[in-house]
Amino acid sequence: VAWHESLHDFMAMLGGSKAERKLKADLLAASEAPQVMAKLRKLLEGHPDAIKQIETDREERLAYMYQFWAEGALPLGPTGTNIFSRMVTFFREMLGVLSQDQKIDQLFTALHTGKFAEPSLVGAVLEDLKAQTLGDKARAVAGPIGDAAEAMFTGATDRLRDTNIDALTELADMFHREPGRENSGELPFLQRRAQQVGKRLNKLQEILADTSAEDRRRALENMQAMKPASTPLEKELAAYLKEMRDYMVDRGVKRFDTKTKKWEALGNVKDYFPRVWDKEAIRNNEAEFVGLMEQYIGKAQARETFNALVNGDGSLELAENEHTLGFTPWNPSVLDRQFTFINPSNAAAFAKFQSKDMADIMTSYTQRAVHRAEYAHDFGNDGEVITQKLLEAQKQGATQDELAMARKATMAMEGTLGYDFNPRLKEVMSGIVTYQNIVLLPLSLFSNLIDPLGVAMRSNDMKEAWKAFTYGMKGIADQLRGAGDDAQTEMAKTLGIIDEQNMLEAMGHVYNSMHMSRLLKNINSKFFRYNGMEMWNQRMRVAAMMAAQRFILANLGHERYMKELGITEKDVFQLQDGTIALTKDQLLQAGAKKSEVSDIEKRIQAAVFKWVDGAVLRPNAAHRPVWGSDPRYQLIFHLKQFTFSFHNTILRRVGEELKHGNVAPGWILMSYVPFMFLSDVLKGSLTGTLNTTADLYDVASQSIARSGIMGTGVFGADAMGDLERGKLPGTSFLGPAFDHLMTLLSGITGHAGVDQVMNRSVPFAKYI
């Protein structure tokens, strides 16, 4: 008991220096090794409470590990006597490195003998021990190059957690939680925002579904002039906007009063309609717009407003600070209420400079209003929670470099990183990305035929892959013959698991259209709809929703799984058709208490949403490195999002399950390679581009690289491939736009044929 508790005391003693934080992280990481977990379970047989502790508490697991090590019951270091073990030992001794077990054995010995008694000497003791694994030594040798590689290939939340600073780890968890960190009933910010956007956009689509273009035109004209008529559409839109305002107030959204310099209650403007400005109309009629504004806010403020609108996305007025800039630099749902000088008497004059696309206005408003609401709920209207976390991090020993990185990572996940980038140049780069998508991805559906394996991996059941695959193929067939949505799809819409905009946003993040203008986003939207990707992604998420319900019912007694999903057996009510009650009506029908229905609905919907996100990739800013969220680098980051999302979702889940002795996801992961090979063969056979002369090594290498199982390691493999092709290593990392430019230059200089240039420049040319 003394050894066990002394470990807890030691961990509490470790504090702010980098050496202490690194030691703490190394010890905790060692306790998560699958072989250690297996030994601990064996040693704790007959003690279910202790086993429960090591399954869920990292430090408790480490304390038991140290306790048993001190007793001599858990030996660490090499134990094998076969030829392979002796070879590994020989090379480690030659290189002067240790295995992970040997390293921890040395650290435990130093702790046991009192060498770590004085925290200020931790760094010196570690230097004397020279207890380094091969990875440690490589990282030490790499120096600044290693720092650059970490920034280049590590996701935003991982950068925060890798500091080993509690405040920054907490901040990362508020934005997004990867597999193994899901111990909360409420979804983190990025996922909850996606869920709420989905729910509300689906309701908006129902309102607009049966309206004509003329209905929408008339309604828009009336509502922008702040003189609504009593048409059914205008009444429904007014009710929708009131509901959105109430939702924002409930989530704590306030507005900043520039006179009192305080955050005040959100206003309630009569006949309010979102003002989404048409920046092209403003730019083309600059003098008229500025002159109109001058009448109400003066010349200086009018000019500032003009610059803000034409340099942003045209959505709204001035933001208070970088935290409240929002998903784009502006927040329509709050800030445009500051234009109190616009009223029914002059609203028509300002309407000339506003967007005339009803669907786009309401969609943009919904997305940004939800972002603001959920942001205010988690981080405060002024981002004060983030500011507080950064101050705590500084007190916990964070360096200035670490704090600067944390600010950038936060902006990346807020969506504000690079908001001041030249808008014209951003549009040009976005146009290039759109063009590259159309040239390279017309048959991208074939590459995504392996998506059902993610459902199988998350459920530990290969049969779920077949169910998802057949459901997806049926969906494409239904789309071709014009069939409507089935009941499961309608339920997925109700839960916010799918919606048209979320599907296109997810693909936009994968294919780098998150920085695009409305026109380019519309082009991308139509492209992904016509090549089948929209329907396939939607059907995969619906299939995953159904699999999630089967998984929950099959694992009601599995404490770890239930805790990850944030529910208990009492939250699960089964309906007669075998599905789970997911809405208030279904819960009441299944016998839930009326007083508990709202809370249960929230928890069970979050659990299903969370499960689906772990089975079908929903790319977001937490997955990608910080620079990948900066529009300045969108050409380089193009087509890299899938790799980072696969690494942080699928591979992390496999690793997490291995820690707990579950090898099923690992075996399913191995099937990605042959499935990708079969997908490529199918595409090649149908298009006549099947390479029948490739040797087995080339085929296997391509299938492994394209399957995603290498994670971010694929970039290293690509660099080696560059070398084999006679190119500078890392050239492939510069993105398809750079590759296309090199092809064009090769064609101009005669190093590439016309057919090679055409195949790379014209959609479908290589299939003709």
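Working out 0.36 nm times the residue gap between Glu596 and Leu734, then minus their Cα-Cα distance, what length gain in nm do you get to one decimal? It would help to have the intermediate numbers written out before the result.
Values: separation 138, 0.36 × 138 = 49.68 nm, distance 5.35 nm.
Once the chain is fully extended between Glu596 and Leu734, it gains 44.3 nm.
Got a number for carbon plus sulfur as a percent of the chain's accessible area, 1.4 Å probe?
Working: 19770 of 34780 Å².
After summing per-atom areas, the C and S share lands at 57 percent.
At 0.36 nm per residue, and after removing the present C-alpha to C-alpha distance, how many nm does the segment from Ile748 to Ala765 gain when stretched out fully? List each step's numbers first, then the result.
Working: separation 17, 0.36 × 17 = 6.12 nm, distance 1.90 nm.
Contour length minus Cα-Cα distance gives 4.2 nm.
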Taking K and R as +1 and D and E as -1, what net charge do the other residues with C-beta under 12 Å from the C-beta of Ser761 add up to? 0
Ignoring ligands, DNA and RNA, what accessible area per residue does the range 234-287 give at 1.4 Å, in Å²? 56
Could you report the range 612-768's accessible area per residue, 1.4 Å probe, as an integer in Å²? 48
Expected unfolding gain across Val249-Ala138 under the 0.36 nm per residue rule, minus the alpha-carbon gap, is 34.8 nm
Describe numerically, in nm with one decimal, the distance between label points set 7 Å from Cα along Cα→Cβ at Ala124 and at Arg218. 8.5
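Mind ranking 427-435, 344-352 by how tightly packed they are, going by the mean number of other C-beta atoms within 10 angstrom, highest first? Mind dumping the intermediate values first?
On the way: 427-435: 18.9, 344-352: 15.0.
Highest-to-lowest ranking by the protection proxy: 427-435, 344-352.
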I'd like the distance between the alpha-carbon centres of the range 8-22 and the range 145-180, rounded to an integer number of Å. 18
Specify the angular offset, from 0 to 90 degrees and rounded to the nearest 10, of the alpha carbon long axis of helix 533-554 from the longest principal axis of the alpha carbons in the chain. 50
Taking the mean number of other Cβ atoms within 10 Å as a proxy for protection, how do you rank 392-403, 355-366, 740-751 from highest to lowest? 355-366, 392-403, 740-751
Helix 714-724 versus the longest principal axis of the chain: what is the Cα-based angle in degrees, 0 to 90, to the nearest 10? 80
Looking at the range 210-274, which trypsin sites (Lys or Arg not before Pro) are in a loop (DSSP not H, G, I, E or B) and have at most 10 other Cβ atoms within 10 Å? Lys259, Lys261, Lys270
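Pull out a ≥ b ≥ c, the square roots of the eigenvalues of the alpha-carbon gyration tensor of the range 339-489, then state rounded if a/c is under 1.5, prolate if not and a/b is larger than b/c, and oblate in the remaining case.
Values: a/c = 1.90, a/b = 1.25, b/c = 1.53.
Verdict is oblate for the range 339-489.
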MRE, 222 nm, helices only [DSSP H, n ≥ 4, -39500 (n - 2.57), over the chain, to nearest 500]: -19500 deg cm²/dmol
Please compute the modelled spin-label separation between Lys356 and Gln589, points set 7 Å along Cα→Cβ, answer in nm with one decimal. 4.6
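Please arrange Trp466, Trp3, Trp611 by accessible surface area, largest first, computed with a 1.4 Å probe and ligands excluded.
Numbers: Trp466 165, Trp3 100, Trp611 0 Å².
Largest accessible area first, the list is Trp466, Trp3, Trp611.
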If you fit an axis through the alpha-carbon atoms of helix 34-43 and take the longest principal axis of the Cα set of the chain, what angle between them do you get, 0 to 90°, nearest 10? 60
Quick check for you: which residues of the range 662-688 have the amide N under 20 Å from the point 7 Å beyond the Cα of Trp466 toward its beta carbon? 664-679
Kindly identify the range 652-738 as rounded, prolate or oblate by the Cα gyration tensor criterion: order the square roots of the eigenvalues as a ≥ b ≥ c, call it rounded if a/c is under 1.5, otherwise compare a/b with b/c, prolate if a/b is larger, else oblate. oblate
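What does the charge add up to near Arg725, with Lys and Arg as +1, Asp and Glu as -1, over the other residues with Cβ less than 14 Å from its Cβ?
Working: positive: Lys727; negative: Asp698, Asp718, Asp722, Glu724, Asp739.
Every neighbour counted, the sum reads -4.
The values are calculated or read from the model by the stated rules, or taken from the named source; none is laboratory data. Keep in mind the model is a prediction, meaning the values are calculated, not measured. Reconstructed Cβ throughout: ideal geometry from the backbone, glycine too, with neighbour counts over all protein chains shown. The protein model used for the area step is the full one, side chains on, heavy atoms only, and it has no ligands, DNA or RNA in it. Shrake-Rupley method; radii C 1.70, N 1.55, O 1.52, S 1.80 Å.
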